[in-house]
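One structure is given here, and the rest of the page talks about it.
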Amino acid sequence: MKLAQIILGRMPSNHQVLSALLILVGSAVSSPSRAVSPLLDTLDAMYSSPRRMDAVRRVRELRSRGADLEGLRWRHAYMILAEANGADSDPRRRALLDSARGVVDTLLLERRGDPGTWFVAALKDAVEASVSDPRRKLELSRSIRSRVGTCLDLEPSHAGCWFLLGRWHEGFGSLSTFERVMVGTVLGGMPRGASLDSARIALERADALRPNDLQILSDLATVLHSLGEIDDAREVARRALRAPAIGTEGRTARKRLRRRFAGL
């Protein structure tokens with residue numbers, strides 16, 4: 001089944017740098033005054049413009065206004081889930097998932113008004129779905145939809161959650177007839193409203209909020225192609241191929257996109 005395809009794309013691929021960043025973000029939560037400067041330095045080294053500048057700007061804004069650096073905790077969870085997504089074995093992925101689950105559970109208890117909390121909670125469910133049986137995948141898909149909805153209620157301009165929502169609709173909307181029958185009769189039913197048309201709407205919204213994002217554009221081109229809108233799919237694919245390919249994940253997405261649209 002394709003339900004595991006709802007995992008958020010474009011994860012950092014350098015595990016050594018990522019591990020260092022996890023340590024720094026964890027330190028920032030417990031001792032912000034000592035950890036913010038090395039955290040900024042690591043972000044500078046890890047991200048290329050404009051993603052790097054966006055990440056650095058967010059942390060600097062927190063520091064400049066003396067904001068509660070507890071808000072970094074959802075980014076801590078995100079980085080753990082990023083490493084889990086790139087893990088080369090299910091045992092490793094499960095171990096990292098267990099680590100992230102503790103952070104997410106704490107956030108859900110203490111920071112329910114933060115859209116970042118609901119974003120990483122939905123992402124945690126998506127990563128868990130990648131190592132779960134079909135029935136559990138369906139249960140998690142319902143949780144993902146609910147948590148993405150809460151995130152967007154709190155912050156309607158959250159590009160990451162619009163992307164996750166588009167992936168959610170794409171995952172169900174692209175199921176074969178047999179898979180739909182299986183979900184409907186064996187697993188308890190298809191989620192209401194899931195469709196490729198809805199995937200297009202969500203991904204177009206994500207694109208408007210975060211232009212020139214390779215992963216968003218790649219998924220949007222795929223959805224448009226599945227809907228039979230070949231000209232639009234070709235144009236979006238061209239935009240995707242002009243977008244920056246950040247890290248191994250980005251380069252892989254670009255190669256996949258070129259293969260998919262080679263004949264168009």
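Consider segment 129-151 and keep the residues that are at pLDDT 90 or above and within 14 Å of the chain's Cα centre (by Cα). The one that is nearest to Arg192 (Cα to Cα) is Arg145. A Cβ distance below 6 Å, combined with a sequence gap of six or more or placement on separate chains, defines the contacts here; from segment 211-238, residues that are among the charged types (D, E, K, R) reach residues that are modelled with pLDDT of 90 or more and crowded, with 16+ Cβ neighbours inside 10 Å in the pairs Asp219/Leu203; Asp232/Leu224.
Name the pairs whose Cβ atoms lie under 6 Å apart, with the first residue in segment 110-132 and under 13 Å from Gly149 (Cα atoms), the second at pLDDT 90 or above and among the basic types (Lys, Arg), and 6 or more positions between them or separate chains? Final answer for the pair search is Trp118/Arg147; Ala121/Arg147; Ala122/Arg147. Identify the residue in segment 209-249 that is surrounded by fewer than 19 Cβ atoms within 10 Å (Cβ to Cβ) and of a type in the set (S, T, N, Q) and, among all such residues, is nearest to Phe172 (Cα to Cα). Selected residue: Ser226.
The values are calculated or read from the model by the stated rules, or taken from the named source; none is laboratory data. As the structure is a prediction and not an experimental result, all values here were calculated from the model. Quick reminder, even Gly has a Cβ in these numbers, built from the backbone with ideal geometry, and neighbours come from all protein chains shown.
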